[in-house]
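A short reminder: the numbers here are calculations on the coordinates, not readings from a lab. Just so it is clear, the structure is predicted and the values come from calculations on it, not from any experiment. Methodologically, a virtual Cβ is constructed for each residue, glycine included, from the backbone with ideal geometry; neighbour enumeration extends over all protein chains shown.
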Amino acid sequence: MVPGIATKTAARPVAWAPQPRNMFVFGAGFVGRYVSERLLAQGWQVSGTCTTVTTKRELEMLGMNASVFDGTEDSLENIHSLRQATHLLISIPPIPGVGDPLLINLDEDLRRILGHGNLEWLCYLSSTSVYGDCGGVLVDEDALDTLAKSKSLSRKQKLRESKQYTARIHVADIYQAVLASMSIRCARKIFNVVDDDPAPRAEVFAFATSLIQRRYPDMITETIDAKPAGLDYQEMIVPAEKRVSNARMKQELGVNLLHPTYRSGLQSILDAWQIQPPLPNTSQ
């Protein structure tokens, strides 16, 4: 996560009415929508982009000003709410073989539009995969030399299931970090937003299965194996190991993780499920 400068305004007279805060979210997907819903509840004006008309309607029902946007084809000129943004969150996933379509295709247009506006804060959400293979050592935000190792994904790199260490974070803690970064001056700083337990994917799958089976014993009828079929142990060794440090996030943003491990995070997700357990199979 890379937040920009958060401008602190001077004290105003009591009679002064503050200007509304305007968040624009490029890519109102899982994280973007989560952040947007909570900012709307706090009285923010929130606009953003999505990729389908159906999602646009869903976002508008939440109170957002939504636009269908394709970074490889569309122009930013038609997104009028972007000019009013005081805060900008970029959460568009990269396209394989292309990269970030917004920054690659529309970087100059974005700078021009924002340069004439009221922007106070910008945050770019990325992935810890940019650190590459660090041999399992603990990496922090200054491990920039690993960027030079970026190559096309090999077959082994795609097999994330066997990685000894996997960085993860609950969306509620991403929101915590995003919110905290708005209140400090941290121009061009990178923050690793990860939990305290970079556990193997297979271990997480096993714990998630046990949680579901205890509460809904008839939901899972087959054993879920995180190991892809047809591979021996040597093929399962993935050369992209690292443990990601969240020390800067805690120290400088003051984030106290709501879910410091995958156990807490998965338990909270299960507790939030608004579904009824499936009925037992009574067919003869």
Check your understanding: Mind listing the phi-derived Karplus ³J(HN,Hα) values for segment 79-93, rounded to whole Hz, using 6.51, -1.76 and 1.60 with θ = phi - 60°, and x for any glycine or proline?
Key -> 9, 5, 5, 5, 5, 8, 5, 9, 9, 10, 10, 9, 9, 8, x
Review point. Can you work out D for segment 32-89 in µm² s⁻¹ from Stokes-Einstein, where Rh is the Kirkwood radius over C-alpha pairs, the temperature is 10 °C and the viscosity is 1.306 mPa s?
Key: 134
Check your understanding: What is the spin-label model distance, in nm, from residue 53 to residue 109 if the labels are put 7 Å beyond Cα along the C-beta direction?
Key -> 2.2
Exercise for review: Pop out the ³J(HN,Hα) list for segment 199-212 in order, Karplus 6.51 cos²θ - 1.76 cosθ + 1.60 with θ = phi - 60°, rounded to Hz; leave Gly and Pro as x.
Suggested key: 8, x, 4, 4, 5, 5, 4, 5, 5, 4, 4, 5, 4, 5
Review point. How many angstrom separate the Cα center of segment 177-198 from the Cα center of segment 21-52?
Key: 18
Study note, to complete from the structure: Going from the fewest other Cβ atoms within 10 Å to the most, one would list 215, 263 as 215, 263
Exercise for review: Could you line up 273, 121 from fewest to most neighbouring Cβ atoms inside 10 Å?
Suggested key: 273, 121
Exercise for review: Please order 80, 116, 259 by the number of other Cβ within 10 Å, starting at the fewest.
Suggested key: 116, 80, 259
Review point. Taking the Cα-to-Cβ direction at residue 185 and at residue 41 and moving 7 Å from each Cα, how far apart do the two end points lie in nm?
Key: 3.3
Point to revise | Spacing of the two label points (7 Å from each Cα toward its C-beta) at residue 251 and residue 211, in nm | key: 3.1
